[in-house]
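This is the structure, below, for whatever I ask next.
All of the numbers you see were taken from the coordinates with simple rules; none came from a lab. This one's a predicted model, so the numbers in the text were calculated from it and none came from an experiment. As a convention, Cβ positions derive from the backbone with ideal geometry for all residues, glycine included, and neighbour counts pool all protein chains shown.
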Amino acid sequence: MSGWSNGSTNASYTSFLLVGFPGLRDSRALLVLPFLSLYLVILSANGLVIHTVLVQRSLHQPMYLLIALLLAVNICAATTVVPAMLLSFFPTFSRISLARCLLQMFCIYFLIVFDCNILLVMALDRYVAICYPLRYPEIVTGQLLAGLVGVAAARSTCIVAPVVGLASRVRFCRSDVIHHFACEHMALMKLSCGDVSLNKTVGLTVRIFNRVLDMLLLGASYSRIIHAAFRISSGRARSKALNTCGSHLLVIFTVYSSTMSSSIVYRVARTASQDVHNLLSAFYLLLPCLVNPIIYGARTKEIRQHLATPFPRPPRQAPAEKPQSPPLQKELPG
């Protein structure tokens with residue numbers, strides 16, 4: 001049989017068939033157009049905001065560069081998932097080797113965790129900008145930013161590597177058909193013919209610990225940020241600070257609610273069809289990639305203004321000049 005490695009005691013499949021939405025049978029090809037369209041929208045929306053940040057020198061500040069990095073991760077995540085999904089709709093192209101399957105699993109989970117870690121770096125950036133505005137330029141330097149992103153990448157690797165490493169040691173002899181559009185951990189573990197309780201325990205423990213720790217750090221950071229923002233005497237600076245925090249909090253809510261709701265439903269609705277579970281997986285993997293550029297493009301004034309430059313508004317009467325704010329009430333960085 002194709003993809004079968006036969007040893008004396010370690011017989012195991014070395015390649016698998018990805019069957020996304022198996023309940024649709026021969027109608028799976030009809031899903032190509034909607035998911036391809038969604039993928040192109042994700043590429044266009046994220047790419048447009050990234051391009052705007054890179055070409056506008058006024059946006060070369062830590063907050064906007066972190067937004068561009070977050071959206072670049074969105075593009076990578078969608079690219080890791082959607083092309084393989086589209087191929088899984090056609091039996092001729094749906095076979096994947098175990099090595100590629102594990103690589104895809106690592107990339108998917110690494111990008112998800114890295115996305116959350118970037119949100120932590122953004123929270124730290126806003127904390128310094130709002131709580132210590134006068135010292136912000138000397139604290140948040142390019143060197144510090146690069147170091148924090150490196151730590152975020154290393155932390156993501158340390159979280160994901162044990163899960164994928166344990167998965168690589170499993171024997172898969174139950175079937176060579178993965179009823180999923182991607183090499184998701186639990187979908188692959190269903191094909192094992194040995195004890196995978198350790199894999200499941202490690203995967204669940206890592207996910208819960210990571211989520212709880214992230215939520216505690218984000219909660220502590222943004223509670224201090226909002227408290228400091230309300231103490232700003234300048235109404236304009238306070239409004240800008242709260243608006244910026246609102247955008248970040250919307251993104252955090254989107255990312256964490258989609259992943260947590262998918263995990264909860266997966267464990268509660270065990271009687272639901274595989275197609276429903278696959279749709280939930282597509283939801284939590286792709287929703288942030290679609291929503292994040294819309295949030296930052298629509299709610300971040302500086303980005304929105306540059307996005308709107310190809311469509312200039314009619315001239316309007318300039319407002320009356322307002323007195324300059326005292327030095328201590330200068331605009332917040334970013």
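Per the Kirkwood definition applied to all pairs of different Cα atoms, how many angstroms is the hydrodynamic radius of region 1-143?
Numbers: mean 1/r = 0.0542 Å⁻¹.
Computed over region 1-143, the radius equals 18.5 Å.
I'd like to know which of Leu213, Ala78, Ile50 lies farthest towards the positive end of the charge dipole of region 14-307, counting +1 on Cβ of Lys and Arg and -1 on Cβ of Asp and Glu.
The one lying farthest along the dipole's positive direction is Leu213.
Count charges around Val196 for me, please; just the other residues with Cβ under 13 Å from its Cβ, Lys/Arg as +1, Asp/Glu as -1.
Details: positive: Arg169, Arg171, Arg174, Lys190, Lys200; negative: Asp195.
My count for the surroundings of Val196 gives +4.
Something else: Under the definition of Cα pairs under 8 Å and six or more residues apart, what whole-number percent is the relative contact order of region 14-307?
28
Okay, moving on. Report P(r) for region 200-243: all Cα-Cα distances, bin width 5 Å, range 0 to the bin holding the largest distance, values in whole percent.
5, 21, 17, 13, 11, 10, 8, 7, 5, 3, 1
For region 46-118 and region 150-215, write down the distance between their C-alpha centroids in whole Å.
If we compute the Cα centre of each part, the gap is 19 Å.
Another question about this same structure. Spin-label point model (7 Å from Cα, Cβ direction): what's the Gln274 to Val55 distance in nm?
Those two pseudo-labels are separated by 4.6 nm.
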